[in-house]
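Undergrad: Structure below; questions to follow.
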Amino acid sequence: MGSVAVNSGLVVTLMVIHLLASMVVAEMKNLRSAVYALIVQSLTLCVVILLLGWGQGWMIAWFAWGLATKVILLPYLFLRAIKILPRQEAEPVVSSWVSFGIVVASVLVIYQILHTYLAALVPTVAAAAEPTRSSLAMAFTVFLLGIYVCIVRRDMVKVIIGVLLLENGAHLALISLVPSRPETGIIGIVTNVVLAAWLLLYFGVVTFRALGTTDTMKLSELKR
């Protein structure tokens, strides 16, 4: 845990950038811009993994795998798909300003509640100390933000991005809770959803070419 203590300030700073980038990803209606924000969000996660797992083989492997898939491969797949799909996401269930207000208020409230009462939820005393306390609060906030995106957004690409927010939030919680075990790196590698995201993107492109829409609400109406 020595590297954690040395880099605690940097870790918390990266966490803050990660959380802010997650909010931009959630609210950016231009899909290309949302993907660029997702790159920043994923890159900060990878650097946090490297810092908290410094000197451990499986953590370095997780960092490299995350960098290759989350920061390079998936954004490339998204940007290639967006050349075919509409660049602006389908209108969400709630208006942009209402959604922005909900996201900002929810993030502030949820983070504050989690940060205040996290000591009663975590399994160890170390997990309730900084920087783990802040990183866990941010991780769960990002996870819930991903759920919000999946529920409120109607665009197929944005829903896939919401799934990635969920995954990144879960991985941030994983590395924050158990940064010194090789099993953590193995779990992080095998739970990467790159294949699922690629398949969903492929399905989205095929659906758009066939039906001319990426609006999931309109697709559900086709079954009637």
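The values are calculated or read from the model by the stated rules, or taken from the named source; none is laboratory data. Since we're looking at a predicted model, the values are computed, not measured. Glycine also receives a Cβ, built like all others from the backbone with ideal geometry; neighbour counts cover every protein chain displayed. Keep in mind that these areas ignore ligands, DNA and RNA; they rest on the heavy atoms of the full protein, side chains included. Shrake-Rupley method; radii C 1.70, N 1.55, O 1.52, S 1.80 Å.
Undergrad: Accessible area of the chain with a 1.4 Å probe: how many percent of it is carbon plus sulfur?
TA: Values: 7780 of 10640 Å².
Answer for the chain is 73 percent, counting heavy atoms of protein chains only.
Undergrad: Now for a separate question. Can you figure out the FRET efficiency of residue 116 with residue 10, using R₀ = 25 Å and their beta-carbon distance, to the nearest 0.05?
TA: On the way: r = 24 Å, r/R0 = 0.96.
So, using R0 = 25 Å, E works out to roughly 0.55.
Undergrad: How much length is gained on full extension from residue 24 to residue 202, taking 0.36 nm per residue of separation minus their Cα-Cα distance?
TA: Working: separation 178, 0.36 × 178 = 64.08 nm, distance 2.44 nm.
Going from the current span to full extension adds 61.6 nm.
Undergrad: State in Å² the accessible area per residue of the range 66-121; use a 1.4 Å probe, count heavy atoms of protein chains only, and round to the nearest integer.
TA: Per-residue value: 58 Å².
Undergrad: Using a 1.4 Å probe on the protein heavy atoms only, what accessible surface does residue 102 show? Give it in Å² to the nearest 10.
TA: Rounded to the nearest 10, that gives 70 Å².
Undergrad: While we're looking at this one, here's another question. Tell me, what is the percent relative contact order of the chain, built from C-alpha pairs under 8 Å that lie six or more residues apart?
TA: Values: 287 pairs, mean separation 56.5, N = 224.
Answer for the chain is 25 percent.
Undergrad: Which value, in Å² and to the nearest 10, is the accessible area of residue 28 when all protein chains are kept and the probe is 1.4 Å?
TA: Looks like 70 Å² after rounding.
Undergrad: Okay, moving on. Taking only DSSP H segments of four or more residues, each worth -39500 (n - 2.57), what value at 222 nm results for the chain once the sum is divided by all its residues, to the nearest 500 deg cm²/dmol?
TA: Mean residue ellipticity, 222 nm, calculated: -24000 deg cm²/dmol.
Undergrad: Moving on. Given (1) -0.30, -0.82, -1.10, -1.36; (2) -0.52, -0.86, -1.01, -1.24; (3) -0.22, -0.63, -0.95, -1.36, which label gives log10 I(q)/I(0) by the Debye sum over Cα atoms at q = 0.07, 0.12, 0.15, 0.19 Å⁻¹ as computed from the coordinates?
TA: It is the value labelled (3).
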